[in-house]
1. With (1) assigned to a strand (DSSP E or B); (2) in contact with a Phe, Trp or Tyr (Cβ under 6 Å, 6 or more places away or on another chain); (3) within 22 Å of Val545 (Cα to Cα) as the list, and Leu459 as the residue in question, which single condition is left unmet?
2. Go through the residues of segment 300-322 one by one and say whether even a single one is farther than 30 Å from Gly384 by Cβ, touching a His at 6+ places or on another chain (Cβ under 9 Å) and hydrophobic (A, V, I, L, M, F, W, C).
3. Would it be correct to say that Tyr229 is modelled with pLDDT of 95 or more, part of a strand (DSSP E or B) and open to solvent by 30 Å² or more (accessible area, probe 1.4 Å)?
4. Can you tell me which of (1) open to solvent by less than 30 Å² (accessible area, probe 1.4 Å); (2) under 41 Å from the mean Cα position of the chain (by Cα) is the one Ser610 doesn't meet?
5. Within segment 399-427, work out how many residues are among the aliphatic types (A, V, I, L, M) and at pLDDT below 95.
6. Go over the candidates Lys352, Lys346 one by one and state the one that is at pLDDT 95 or above, basic (Lys, Arg) and buried (at least 19 other Cβ atoms within 10 Å of the Cβ).
7. Across segment 34-67, what is the total count of residues that are open to solvent by 10 Å² or more (accessible area, probe 1.4 Å), over 26 Å from the mean Cα position of the chain (by Cα) and aliphatic (A, V, I, L, M)?
8. Inspect all residues belonging to segment 462-470 and state whether any of them is part of a loop (DSSP other than H, G, I, E, B), under 22 Å from Pro547 (Cβ atoms) and open to solvent by less than 30 Å² (accessible area, probe 1.4 Å).
Amino acid sequence: MLKYLPFLFLIILLIVTGALPVQQVQAGYADQPPPLPGWTHPSGYGNGFPAHDTAARHGINLGNAPIIRSSPVIAEIDGNTSNHKEVAVVTSDGYLHARRANGSQLWPPVQLLPAPCTPQAGDVVGNSNPAVGELLGNGVPYIVVGYGTVFPSNCDGGIVAVNGQTGQIVWRFSLRQWQMQEQYPPEDLYGMVSAVALADVDGDGKMEIGFGGLDRNLYLLSAVSNTSYTVRWYYHAADTIWSTPIFYNIDSDPELELLAATDITANPVLIPPTQDGGFLHAFDTASRTPKRIEFQTGFIWRTFVDQALYSSPAIGDVLPDQPGNELVIGASCWLPISPITQPVLKRGNWVKIFRLSDGAVLQTLDAPGCVESSPALGDIDGDGRLEIVVNVGWEGDSRIPHSEVVAWDPENSNPKWRTIPYSANYDEDSSRRFNDPSGGNLQSPVIADINGDGIVEVLSANFWSVVILRGYDGQQITCFLSPSCGSTPSLYAWYTLKSTPAVGDINGDNVLDVVIGGGHIFVNGASAAPPITAHLYAWTSLASVFPAQAAPSGYQLAPPYSMPWPQFRRTATNRGVQPGLQAATNNLFVLTDGTSSATYQIGLMSSDGSPLTLSLIETGDTGNVVTASLSNTTVSDLNPAQVLLTINAASVSNGTYPVTLTVSSSGVPSVQILVTIRKVSVVYQTFTPLLIR
């Protein structure tokens, strides 16, 4: 189910033909937070500030074609354990770039394509987002990233693993070569839009790599050595895969499962027949023989929805009344409501919440237009609960003529707030403001406290800017009407932005920076003449231009510079899971006559797999009925823990004894477990007879 995406070529055409004027204006779009030191170009463009550049010359000129779909990742890439991070991103012509905190080049750009090729007009070969992780668990970070075209072409597609310290490609997995090796029929497409997800699924210290291709297959690979990998299995999904998969433990065994969203096209001759729409699957991650899993087989569970799934799933405890975490995903803007009667109204005007254990739909959130943005999860209103934020809107869906950023309280199907984000621009008419009508086209929001005041913001790329919205009400706080916004600053990037920004402390100064990749229309002077080259932007010290706010009444301030969802898929491994501590149950009821003691175990786990150091406090135990301890004081993905309970009511009178156990870990919400002990004179037991037929 291929969707052709003319995402920015109309805008480029207008610029190149002079449809956008270049008269100089004052303030507005050119007033920006400072660039991160070193993240600038050496000399100004065009006629200078403010019409064609900023005074500080924001943006590193990377020298390649503009960055379009690839979102930057902030991570430890070179293996240096200092407090500095690096940034990696892919240009649209297929070059992987990595920059140090000071803006210098970590190593020369890496060409991802194994051989020159010729994409179709309007296509690019660098569409995927990098993931960074220690594949072998030995302290050496690797970047794993996809490449290949969206349209049919003679270009190869697949993924490469790059040593973060040297910039060398250590291995390549070619989708075209895999097809020839496995000898299944050739495909029309071998490119990748999906990013890879990384996790150690079985605790052997080495990471697995999950991803989907436009070749209609979902893959699970394992890192083996610094030069090799193995294919655990691949599932033939029978349609294209745009969504990034996610690793999570959905059952009682210690291994992680792989959850993946795919498209599907109607086919009445299959058994069972298929309809137009999408599937959400859960797969076991153990190796298989044969490696190929045939369509409609081999999954733990599968759930059908009425729209192709381009959005990438996120996991978090968004419905606290439901046990454990839930999975959240949007849809896409591909299938119309009816190709005959309503071809310009798309299905998928929703975000859905799924139960992880069986894939059941728990909640559907109504959206004003079609959704293919990937959700960001975070407490944006200071109420101690997670909200869901996505971008909504695509030019091919006539439901709304613009794009919006939309937030929900997950228990309410109606949006919490809806904001139309606007970008300022250099323009002779100060009443004009600009919105990308396709601002929901795979680019996604992030959530962070950008100025350190304890109130989180939502950031998203739209048109030529990164816009910043107040988290609790969605009000835009960046400039959107130039020059009328006076000194209100913008994060204006001088070219169309179609990716997800990243937020993090890159240089270790305890202040957050905002990064995005794009281009610069005036790199060759005021005439805006092509070619337009890639630029990587980083803004810092946002508190200097966005002063601290007063929190609304009842708002629970977050720690300064907190980052609930700072980049695409939240972490550098594209894990997509909101951090937290979970208990197998939050309520335990014990009925006893006190004649003997009883022991219980309540499982604890880290929801995103990150190691957590635990502490336990017991309150309310007036009769010393409960003895509680932890089986171990650290918990991670493959290192579960238990609260160990011994109930002894021999020395107390008949009655009810409530006890509260609080398990805490720094940086995440505490877990409270209510243990209610009721002592009675006699506990009756009922036995069911064994029936044999």
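The values are calculated or read from the model by the stated rules, or taken from the named source; none is laboratory data. Keep in mind it's a predicted model, so treat the numbers as computed, not measured. FYI the Cβ positions are ideal-geometry reconstructions off the backbone, even for glycines, and counts take in every protein chain you see. Side chains included, ligands, DNA and RNA excluded: accessible areas come from the protein's heavy atoms. Shrake-Rupley method; radii C 1.70, N 1.55, O 1.52, S 1.80 Å.
1. (2)
2. Within segment 300-322 (the criterion being farther than 30 Å from Gly384 by Cβ, touching a His at 6+ places or on another chain (Cβ under 9 Å) and hydrophobic (A, V, I, L, M, F, W, C)), the answer is yes, since at least one residue qualifies.
3. Judged against the criteria, Tyr229 is a match.
4. Failing condition for Ser610: (1).
5. Selection size over segment 399-427: 2.
6. Going through Lys352, Lys346 in turn, the sole match is Lys352.
7. Selection size over segment 34-67: 2.
8. no
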